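Q: Below is the structure I would like to discuss, written out as structure tokens.
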Amino acid sequence: MRNHVQVAVIGGGVVGASVLYHLTKAGWKDVMLIERAELTSGSTWHAAGGMHTVNGDPNVAKLQQYTINLYKEIEQISGVSCGVHITGGLMLAGTPERVDWLRMAQARGRYLGMDLQLITPAEAKKIYPLLEEKHFLGAIYDPIEGHVDPYGVTHAYAKSAQIAGAEIVRQNRAVDTRQRPDGSWDVVTEKGTVHAEHVVNAGGLWAREVGRFVGLELPILAMEHQYFITEDLPELKGQQELLHVIDFEAEIYMRQERQGILLGTYERAGVPWSARTTPWDFGQDLLPNDLERIAPSVSVAFEHFPRLESAGIKKVVNGPFTFAPDGNPLVGPVRGLRNYWVACGVMAGFSQGGGVGLTLANWMVEGDPGADVWAMDVARYGDWATRPYTNAKVRENYSRRFRIRFPNEELDAARPLRTTPIYERLHADNAVFGDYCSLEHPLWFAPQGTPAQEDTTFRRSNAHPHVAAECRAVREACGLIEISNYGKFEVTGPGAAAWLSRIMTCKVPAVGRITLAPMLNEGGRLIGDFTLCRVAQERFFVVGTYAAEVFYMRWFERHLPPTGVFVRPCAMEYLGLSVAGPNSRALLQGLVDQDLSTAAFPFLSFARMDVGMIPALVGRVSFTGEMGYEIWVTSEYLRALYDLLHTAGKAHGLRNFGGRALNSLRLEKSFGNWAREFRPIYGPYEAGLGRFVHLDKGEFIGSAAATAEKASGGVRRLITLAVDARDADAIGDEPIWHGDKVVGWVTSGGYGHTAGTSIALGYVDNAVANETNGFAVELMGERRAAVRSAHALVDPQGLRMRA
Ligand SMILES: Cc1cc2nc3c(=O)[nH]c(=O)nc-3n(C[C@H](O)[C@H](O)[C@H](O)COP(=O)(O)OP(=O)(O)OC[C@H]3O[C@@H](n4cnc5c(N)ncnc54)[C@H](O)[C@@H]3O)c2cc1C
């Protein structure tokens, strides 16, 4: 065993083996994998090996495509068979809502180059004779689905890595990881200590325990999962292998295993396994079967596939595997732990393992994952994702694996958890709440005396007319929205201005001013968009996306100079309310001493003010595009501020509005949103943020790439479309057509209540970005005509917010 390596990967499941292989492929060959027992000794060995490309997040779907295409490569290099069976797959719908979902999945697949075909039950029956047609309304056929041999895949990765120079040490548990002052690591193992520049935690079932060596509590939980294999069905002998099948109504998946059928289910009453700690002596063990638990699904499956009922069960497998609260992997560098990386919580190792390995290797070797991996970045969880929270969300996610999540659907587990001091006030105003990073925030307000509930649907919901009324109040009088759920950071120190100028693309504003501040990575891609407010010469208040707080802090800390700049997140310390609308100035003017006239406090001003008796930071800015103010106070003042504004607001037509109305209002203004319009796959010019990129201010992170993007014009452009929708608006990821070609995708959409039209924002190829007509957005399987608007659909010159 070497005693010094560049990277020590802890864990020899399919994920650790893939990371090892991808590191060698990227040129880092002095790498070692440390495995407690034999390769595959966690979840991997008993997996069903199924694989598919469809995923709710298109960026994860791309990585799944990559994984499936990789198997040939590692077979060739290693000479080890991955046992690949590409059988094709069927997703079967038994309800009209599920047919809608299939249509959406098919549409989304288009711009990823996926060949998903919508077929009738009769066509499905032809290619899958075991199904009973009458239970289904439609299906999707995906030619690229199938299964692999978990043992073969893991060994093919491992052997390919070894051929390139990697070392694999089996029967050797890592018992501790200790960081040296220079940031490198001593990995203490049963066979001795290895000094490694980087550590990768790919501990799978034991990733939590490995994380705890360094005080890291990863939000993952293992669930018991059962599948069984039937006795042989004689009619399958000599036949072409049957397809992989998902039956959403029965909540099962199936595939052929030799001459039998392998059937697995994600039961509603799923059971966590080893909720606190995973025993080290758990090896290639299985858990006791509990067929009773899966009986409800299996009995539906027997109705849908009657031949199975008489087949007899040959083998039952019950094994644990891990999930993060949202079911996506946890990958990337851990904030605050230099050279410490994770690749765990991978619940679909045979669809995602290759993509996870590629992502992590890119990140370690190139400093960037090379793709938009927000959906699986470990930084998407903060301290709020505690172990019991994770437990509740994982169980919920597991039980819903085959259920539809409607675009307007809020899930109940672990709620309410975090609330602000005005929660009861909003509740009393009949708010319908949403969950954002475990924080409750108002989505819309139902009329008094009616249930504060939204119908879940792919189409416009019962919220539509009420959101319309909220929008009207903002555009015509005055609205109030809680903005506590924004991320906030305080940047202070003598070096603060120079540092901000280096990490953001904008010019640093003068004291008392605000600017929009995009942030780029070295490759010139967008990794953040902030509102940068200068409170004093050496003090800045920076507002961004709360969900990305850990992501931003990780980036900030990586780029901080040794002295002179201090950054701290203060999202829950400063809570906020925003008032917006033509009457908002008159409302606020009655509560402050300062002159709020445009001459004295113009658009993009920022100042410390007393609002009534409440010390506040006030910025003249609003995401609604109206005249408006964001008022930030420390949390103990929020309730008093809310009451004060409402009391004074009566004379100005003030009413509450929520996130749904804000979305409508900002779409009408063509204002982009982080994680929607602004993501690391887009450049600032493509995203229409060029006016906030000051190439003349001197070098900043990403400036060279931004200069090149400006010269080339990028490859795509963010556009605004007015869509001739029927009763369903775009939600994101729908294909945008121009003529007969898919030319881009929607990033967000909704109904513009002032503009009186459905709106979609999205990216299209530059070649068509100046066209006005000929566009269509595919909604619910229909191409709905769309017209590009060169300007925002409401107040294109931005006069209202500057009034
Ligand atoms: C019943 C069942 C069916 C499944 N079916 C499918 C399927 O059809 N398709 C699919 O894609 N996925 C399926 N899965 C999920 C799949 O098994 C996982 O996604 C995958 O195995 C995760 O791999 P991993 O490498 O992250 O973790 P693991 O397989 O758990 O590997 C972790 C490895 O790390 C080692 N290790 C941990 N701690 C240490 C330490 N301190 N020192 C040294 N070594 C250590 C362990 O011994 C183990 O070998 C299924 C899972 C189960 C249980």
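The values are calculated or read from the model by the stated rules, or taken from the named source; none is laboratory data. Just so we're clear, the structure is a prediction, and the values are computed from it rather than from any experiment. Quick reminder, even Gly has a Cβ in these numbers, built from the backbone with ideal geometry, and neighbours come from all protein chains shown. Note: accessible area is taken over every heavy atom of the protein model, side chains too, but ligands, DNA and RNA are not part of it. Shrake-Rupley method; radii C 1.70, N 1.55, O 1.52, S 1.80 Å.
Q: Within region 627-684, work out how many residues are hydrophobic (A, V, I, L, M, F, W, C) and either more than 15 Å from Arg475 (Cβ to Cβ) or without any contact (Cβ under 8 Å) to a residue 12 or more places away in the chain (or both).
A: Taking region 627-684 as the starting set, the residues that turn out to be hydrophobic (A, V, I, L, M, F, W, C) are 627, 631-633, 638, 640-641, 644-645, 648, 651, 654, 657, 661-662, 665, 667, 671, 674-675, 678, 681.
Now restrict to residues that are either more than 15 Å from Arg475 (Cβ to Cβ) or without any contact (Cβ under 8 Å) to a residue 12 or more places away in the chain (or both): 631-633, 638, 640-641, 644-645, 648, 651, 674-675, 678, 681.
Residues meeting the conditions: 14.
Q: Okay, moving on. Regarding Val298, is this residue near the ligand (Cβ under 9 Å from one of its atoms) and either closer than 21 Å to Glu231 by Cβ or open to solvent by 20 Å² or more (accessible area, probe 1.4 Å) (or both)? Explain how you work it out, then say what you get.
A: Working: near the ligand (Cβ under 9 Å from one of its atoms): no; either closer than 21 Å to Glu231 by Cβ or open to solvent by 20 Å² or more (accessible area, probe 1.4 Å) (or both): yes.
No.
Q: How many residues, within region 400-410, are farther than 21 Å from Ala105 by Cβ and open to solvent by less than 30 Å² (accessible area, probe 1.4 Å)?
A: Taking region 400-410 as the starting set, the residues that turn out to be farther than 21 Å from Ala105 by Cβ are 410.
Filter again for open to solvent by less than 30 Å² (accessible area, probe 1.4 Å), leaving none.
Total satisfying the criteria: 0.
Q: Which residue is surrounded by the most Cβ atoms within 10 Å (Cβ to Cβ), if the candidates are limited to region 347-372 and must be in a loop (DSSP other than H, G, I, E, B) and out of contact with any Leu (no Cβ under 8 Å at 6 or more places or on another chain)? Walk me through how you get there before you give the answer.
A: We begin by selecting, within region 347-372, every residue in a loop (DSSP other than H, G, I, E, B); these are 347-348, 367-372.
Okay, now just the ones that are also out of contact with any Leu (no Cβ under 8 Å at 6 or more places or on another chain), so 347-348, 367-368, 372.
Numbers: Met347: 22, Ala348: 20, Gly367: 13, Asp368: 16, Asp372: 19.
By that ranking, first place goes to Met347.
Q: Which pairs turn up if I take residues in region 179-195 that are open to solvent by less than 30 Å² (accessible area, probe 1.4 Å) and look for partners that are of a type in the set (Asp, Glu) and more than 16 Å from the ligand (Cβ to nearest atom) with beta carbon separation below 7 Å, at least 6 apart in sequence or on another chain?
A: That search, which allows pairs on different chains as well, returns Ser184/Glu197.
Q: State which residue is nearest to Gln226 (Cα to Cα) when the search covers only region 246-257 and only residues that are more than 12 Å from the ligand (Cβ to nearest atom) and open to solvent by less than 20 Å² (accessible area, probe 1.4 Å).
A: Applying the first criterion (more than 12 Å from the ligand (Cβ to nearest atom)) to region 246-257 yields 247-252, 256.
Those left that are additionally open to solvent by less than 20 Å² (accessible area, probe 1.4 Å): 247-248, 250-252, 256.
Working: Asp247: 16, Phe248: 17, Ala250: 15, Glu251: 13, Ile252: 11, Gln256: 16 Å.
Among them, the one singled out is Ile252.
Q: A further question follows. Residues being crowded, with 20+ Cβ neighbours inside 10 Å, of a type outside the set (S, T, N, Q) and part of a helix (DSSP H, G or I): count how many of those fall in region 105-116.
A: 4
Q: Another question, then. Against the definition (closer than 21 Å to Leu216 by Cα and open to solvent by less than 20 Å² (accessible area, probe 1.4 Å)), how does Pro320 come out, yes or no? Don't jump to the end; show me each part of the working.
A: Values: closer than 21 Å to Leu216 by Cα: no; open to solvent by less than 20 Å² (accessible area, probe 1.4 Å): yes.
No; evaluated as a whole, the condition is false for this residue.
Q: Tell me the residue from Gly260, Gly204, Gly146 that is in contact with a Cys (Cβ under 9 Å, 6 or more places away or on another chain) and surrounded by 20 or more Cβ atoms within 10 Å (Cβ to Cβ), please. Show your work before the answer.
A: Values: Gly260 fails: in contact with a Cys (Cβ under 9 Å, 6 or more places away or on another chain); Gly146 fails: in contact with a Cys (Cβ under 9 Å, 6 or more places away or on another chain).
When all the criteria are applied, what remains is Gly204.
Q: While we're on this one: Going by what's in this entry, would Leu330 be described as touching a residue at least 60 places away in the same chain (Cβ under 8 Å), within 16 Å of the ligand (Cβ to nearest atom) and closer than 16 Å to Leu218 by Cβ? Break it down into steps so the answer makes sense when it comes.
A: Working: touching a residue at least 60 places away in the same chain (Cβ under 8 Å): yes; within 16 Å of the ligand (Cβ to nearest atom): yes; closer than 16 Å to Leu218 by Cβ: yes.
Yes; evaluated as a whole, the condition is true for this residue.
Q: Continuing with the same structure: Restricting to region 117-142, name every residue that is open to solvent by 60 Å² or more (accessible area, probe 1.4 Å), outside any helix (DSSP H, G or I) and touching a residue at least 24 places away in the same chain (Cβ under 8 Å).
A: Within region 117-142, the first condition is being open to solvent by 60 Å² or more (accessible area, probe 1.4 Å), and the residues that meet it are 117-118, 120, 123, 125-127, 129, 132-134, 137.
Next, from what is left, pick out any that are outside any helix (DSSP H, G or I): 117-118, 120, 129, 132, 137.
Result: Gln117, Leu118, Glu132, Leu137.
Q: Here's a check for you: in region 42-56, which residue that is more than 6 Å from the ligand (Cβ to nearest atom) and either assigned to a loop (DSSP other than H, G, I, E, B) or polar (S, T, N, Q) (or both) is surrounded by the fewest Cβ atoms within 10 Å (Cβ to Cβ)?
A: Applying the filter and picking the extreme gives Gly56.
Q: Among the residues of region 574-597, write down those that are part of a loop (DSSP other than H, G, I, E, B) and touching a strand residue (DSSP E or B) at 6+ places or on another chain (Cβ under 6 Å).
A: Filtering region 574-597 for residues part of a loop (DSSP other than H, G, I, E, B) gives 581-583, 590-597.
Correct list: Gly581, Asn583, Leu591, Val592, Gln594.
Q: If you don't mind, there's one more thing I want to ask. Taking region 169-178 on its own, how many of its residues are open to solvent by less than 10 Å² (accessible area, probe 1.4 Å) and without any contact (Cβ under 8 Å) to a residue 60 or more places away in the chain? Spell out the reasoning first.
A: First, pick out the residues of region 169-178 that are open to solvent by less than 10 Å² (accessible area, probe 1.4 Å): 172, 174, 177.
Among the residues that remain, those that are also without any contact (Cβ under 8 Å) to a residue 60 or more places away in the chain are: none.
Residues that pass the stated criteria total 0.
Q: So, one more: Which pairs have Cβ atoms under 6 Å, sit 6 or more apart or on different chains, and link a residue in region 210-235 that is of a type in the set (S, T, N, Q) to one that is more than 8 Å from the ligand (Cβ to nearest atom) and part of a loop (DSSP other than H, G, I, E, B)?
A: Thr230/Ala311
Q: I'd like the full set of residues that are of a type in the set (Val, Ile, Thr) and in a loop (DSSP other than H, G, I, E, B), limited to region 560-573. Full working, then the answer.
A: Taking region 560-573 first, the residues of a type in the set (Val, Ile, Thr) are 563, 565, 567.
Those that are of a type in the set (Val, Ile, Thr) and in a loop (DSSP other than H, G, I, E, B): Thr563, Val565.
Q: Here's another thing I want to ask about it. Can you pull out the residues in region 10-41 that are more than 9 Å from the ligand (Cβ to nearest atom) and assigned to a strand (DSSP E or B)?
A: Val31, Met32
Q: Just to confirm my filter: which strands (runs of 3 or more DSSP E) fall fully inside region 741-801 and include at least 2 residues that are open to solvent by 30 Å² or more (accessible area, probe 1.4 Å) and in contact (Cβ under 8 Å) with a residue 60 or more places away in the chain? I'd like the intermediate steps shown before the answer.
A: Numbers: elements: 741-752, 757-765, 775-779, 782-789.
Here the list reads 741-752, 782-789.
Q: Looking at region 477-490, I want the residues that are within 23 Å of Gly653 (Cα to Cα) and have a partner that is open to solvent by 10 Å² or more (accessible area, probe 1.4 Å) and of a type in the set (Asp, Glu) with Cβ atoms under 8 Å, at least 6 apart or on another chain. Which pairs are those?
A: Pairs that qualify, where the first residue is within 23 Å of Gly653 (Cα to Cα) and the partner is open to solvent by 10 Å² or more (accessible area, probe 1.4 Å) and of a type in the set (Asp, Glu), are Ile483/Glu630.
Q: For residues that are closer than 23 Å to Trp45 by Cα and either within 13 Å of the ligand (Cβ to nearest atom) or among the hydroxyl-bearing types (Ser, Thr, Tyr) (or both), tally how many sit in region 334-386. Outline the logic, then answer.
A: Applying the first criterion (closer than 23 Å to Trp45 by Cα) to region 334-386 yields 342-358, 360.
Next, from what is left, pick out any that are either within 13 Å of the ligand (Cβ to nearest atom) or among the hydroxyl-bearing types (Ser, Thr, Tyr) (or both): 342-357, 360.
Summing the residues that are closer than 23 Å to Trp45 by Cα and either within 13 Å of the ligand (Cβ to nearest atom) or among the hydroxyl-bearing types (Ser, Thr, Tyr) (or both) in region 334-386 gives 17.
Q: Quick check on region 492-505. Is at least one of its residues surrounded by fewer than 20 Cβ atoms within 10 Å (Cβ to Cβ), touching a residue at least 60 places away in the same chain (Cβ under 8 Å), part of a strand (DSSP E or B) and among the charged types (D, E, K, R)?
A: Taking every residue of region 492-505 in turn, none turns out to be surrounded by fewer than 20 Cβ atoms within 10 Å (Cβ to Cβ), touching a residue at least 60 places away in the same chain (Cβ under 8 Å), part of a strand (DSSP E or B) and among the charged types (D, E, K, R).
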